[in-house]
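Quick notes on the structure that follows.
The values are calculated or read from the model by the stated rules, or taken from the named source; none is laboratory data. As the structure is a computational prediction, the values presented were derived from the model and not from experiment. Cβ: placed from backbone, ideal geometry, glycine included. Neighbour counts: every protein chain shown.
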Amino acid sequence: MRQQEWKTETAGNARAPKVVNLEAVEGIEEKRWLTPDAELNRVLGGGIVAGSLVLVGGEPGIGKSTLFLQNALSLSNIKTLYISGEESEQQIKMRADRLRIRNDQFYLLTETSTQVIFQEIKKLEPQLVIIDSIQTLQSPLIESAPGSVSQIRETTAEMQRFAKETNTPVFLIGHITKDGVIAGPKILEHMVDTVLQFEGDQHYAYRILRTIKNRFGSTSELGIYEMTGQGLRQVSNPSEILISQREDMLSGVAIAATIEGLRPMLVEVQALVTQSVYGTPQRTATGFDLRRLQLLLAVLEKRGGFHFGVKDVFLNIAGGLRVEDPSIDLAVLCALLSSYEDAGIPHKYCFAGEVGLSGEVRAVNRIEQRIAEAEKLGFEKIFISKYHKKGLDFSKFNIEVVPLGRVEEVYRLLF
Ligand code: TYD
Ligand code: MG
């Protein structure tokens, strides 16, 4: 019985299954559009891919609508349809006026029913569709309320079908809550080609657009923006904003030469180590993994005999950035030691090394690129691991390169 059903199904299938040699399959090149926004191009892996479905998540108020309105308005030769279920035409017009970009190929639809949306799409035939937000969409095929798991799943599936059938790229904006556990976007990450996250601290002007998943490129890319009175500004030289510009030596500050995606970035690490007043010492980390901080403290306690166990420790990455590159370890450790000793580190020094459990300073990837960036920004010394592969020639740099084997050595050199 089962087999018969199966047979009829295959018989009705126009394209009979057939084993092919992979070499014989003709490759198709992805068609991409470069947008005027270099940061967006970067996180997408080199521009917008035709027929791709991209989910952009972020907390309410972070600037998702601004980013995509701005981008859609700047694509001057592409007919774009911006569908908003959140704001009125007047509100969007006001925002567009604030951004001061005009575009006669930009169309707006304030609607939530996918049935109506597809009717309008059929008439307009846009080349790019932006949905703000996926949580407001409603499919007539599903009874539950907009924003519910089944609605989000169905409306995303409809958008996916549309994107693939017509080869039109579609961006879905989705809200996520503070802790990232959402009754929405998370469940549909596997349905889309690319997932971007727009993040930042509400108190800082800087915003990071991060690639979480990308079928068409790397996932370690970052785009950096600054929210201004006239929309988002691309930040093409992030090091300049991530290091506070001052000449004096403050204790608890160390600069890390990190790489995010393909880009080297110098980032300021700030630590505050104080005597604990309560029984259990406090540990807080902003922009850095708390467990990683605890591990580095344990290394210092065990290998260096420092008594962090009776101290409160606060760690912060300047600019509201979250750093995942393990090469930041050495700078974190030096910032902690600097605050512990209440002795500043010269502001022309920077660090790039991962710290192992036994206190060894480990090699990190693309060290030459990091050194070059530090040199370009006028640093005088960079502390790195001595375990980088043989044959690297650091003599070509004007910056002094200090190789380290263990964390004790950096302590002796600095304090
Ligand atoms: P918005 O794009 O509405 O956020 P989201 O869609 O993620 O909820 O942006 C919200 C904030 O950005 C709001 O507080 C106002 C601010 N903003 C600026 O600072 N400058 C601008 O030019 C614009 C358009 C918005
Ligand atoms: Mg919005």
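Going through segment 198-236 one residue at a time, which ones are charged (D, E, K, R), over 16 Å from G320 (Cα atoms) and within 16 Å of ligand 1 (Cβ to nearest atom)?
We begin by selecting, within segment 198-236, every residue charged (D, E, K, R); these are 199, 201, 207, 210, 213, 215, 221, 226, 233.
Now restrict to residues that are over 16 Å from G320 (Cα atoms): 213, 215, 221, 233.
Result: R233, single match.
Okay, residues lined up against (1) within 16 Å of ligand 2 (Cβ to nearest atom); (2) surrounded by fewer than 15 Cβ atoms within 10 Å (Cβ to Cβ); (3) farther than 28 Å from E59 by Cβ; (4) of a type in the set (S, T, Y):
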site: M94; (1), (2), (3), (4): yes, yes, no, no
site: T112; (1), (2), (3), (4): yes, no, no, yes
site: V116; (1), (2), (3), (4): no, yes, yes, no
site: K123; (1), (2), (3), (4): no, yes, yes, no
site: S133; (1), (2), (3), (4): yes, no, no, yes
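Filter segment 229-270 for residues that are farther than 19 Å from E199 by Cβ and touching a Pro at 6+ places or on another chain (Cβ under 7 Å) and give the result.
M249, A257
Mind telling me which of the residues L73, L34, L69, L53 ends up being surrounded by fewer than 17 Cβ atoms within 10 Å (Cβ to Cβ), of a type outside the set (S, T, Y) and within 26 Å of the chain's Cα centre (by Cα)? Give the steps one after another, and end with the answer.
Numbers: L73 fails: surrounded by fewer than 17 Cβ atoms within 10 Å (Cβ to Cβ); L69 fails: surrounded by fewer than 17 Cβ atoms within 10 Å (Cβ to Cβ); L53 fails: surrounded by fewer than 17 Cβ atoms within 10 Å (Cβ to Cβ).
Being surrounded by fewer than 17 Cβ atoms within 10 Å (Cβ to Cβ), of a type outside the set (S, T, Y) and within 26 Å of the chain's Cα centre (by Cα) holds for just one of L73, L34, L69, L53, which is L34.
Among the listed residues E354, E360, which satisfies the condition of being buried (at least 18 other Cβ atoms within 10 Å of the Cβ) and either touching a strand residue (DSSP E or B) at 6+ places or on another chain (Cβ under 6 Å) or modelled with pLDDT of 95 or more (or both)?
E360
Would segment 364-380 turn up any residue that is without any contact (Cβ under 8 Å) to a residue 40 or more places away in the chain, assigned by TED's automatic domain parsing to the domain that holds V323, part of a strand (DSSP E or B) and not aliphatic (A, V, I, L, M)?
Looking for residues that are without any contact (Cβ under 8 Å) to a residue 40 or more places away in the chain, assigned by TED's automatic domain parsing to the domain that holds V323, part of a strand (DSSP E or B) and not aliphatic (A, V, I, L, M), one finds none in segment 364-380, hence no.
Can you tell me which residue among I117, I92, I101 is assigned by TED's automatic domain parsing to the domain that holds E154, more than 16 Å from ligand 1 (Cβ to nearest atom) and either acidic (D, E) or closer than 28 Å to R32 by Cα (or both)?
Values: I92 fails: more than 16 Å from ligand 1 (Cβ to nearest atom); I101 fails: more than 16 Å from ligand 1 (Cβ to nearest atom).
Only one candidate passes the filter, namely I117.
One line per residue, one yes/no per condition, for (1) assigned to a strand (DSSP E or B); (2) in the same structural domain as C334 (by TED's automatic domain parsing); (3) surrounded by 14 or more Cβ atoms within 10 Å (Cβ to Cβ):
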residue: I208; (1), (2), (3): yes, no, yes
residue: F216; (1), (2), (3): no, no, yes
residue: E226; (1), (2), (3): yes, no, yes
residue: V269; (1), (2), (3): yes, yes, yes
residue: V273; (1), (2), (3): yes, yes, yes
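For segment 79-87, state whether one or more residues are without any contact (Cβ under 8 Å) to a residue 60 or more places away in the chain, of a type in the set (S, T, N, Q) and within 14 Å of ligand 1 (Cβ to nearest atom).
Of all residues in segment 79-87, those without any contact (Cβ under 8 Å) to a residue 60 or more places away in the chain come to 79-84, 86-87.
Of the ones still in play, those that are also of a type in the set (S, T, N, Q) are 80, 84.
Next cut, within 14 Å of ligand 1 (Cβ to nearest atom) only: 84.
Yes: segment 79-87 contains one or more residues that are without any contact (Cβ under 8 Å) to a residue 60 or more places away in the chain, of a type in the set (S, T, N, Q) and within 14 Å of ligand 1 (Cβ to nearest atom).
Exactly one of (1) within 16 Å of ligand 2 (Cβ to nearest atom); (2) closer than 20 Å to I212 by Cα is unmet by L69. Its number?
Checking L69 against (1) within 16 Å of ligand 2 (Cβ to nearest atom); (2) closer than 20 Å to I212 by Cα, the one that fails is (2).
Within segment 116-172, can you find the residues that are over 15 Å from I187 (Cβ atoms), assigned to a strand (DSSP E or B) and in contact (Cβ under 8 Å) with a residue 60 or more places away in the chain?
L128, I130, D132, V170, F171
Tell me which residues, restricted to segment 135-162, are surrounded by 19 or more Cβ atoms within 10 Å (Cβ to Cβ) and either within 16 Å of ligand 1 (Cβ to nearest atom) or at positive phi (or both).
Listed by number, the residues that qualify are Q135, T136, L137.
Looking at segment 207-262, which of its residues are out of contact with any Asp or Glu (no Cβ under 9 Å at 6 or more places or on another chain) and within 30 Å of F415 (Cβ to Cβ)? Spell out how you get there, then give the answer.
Applying the first criterion (out of contact with any Asp or Glu (no Cβ under 9 Å at 6 or more places or on another chain)) to segment 207-262 yields 217-219, 226-231, 237, 240, 245-250.
Selection gives E240, Q245, R246, E247, D248, M249, L250.
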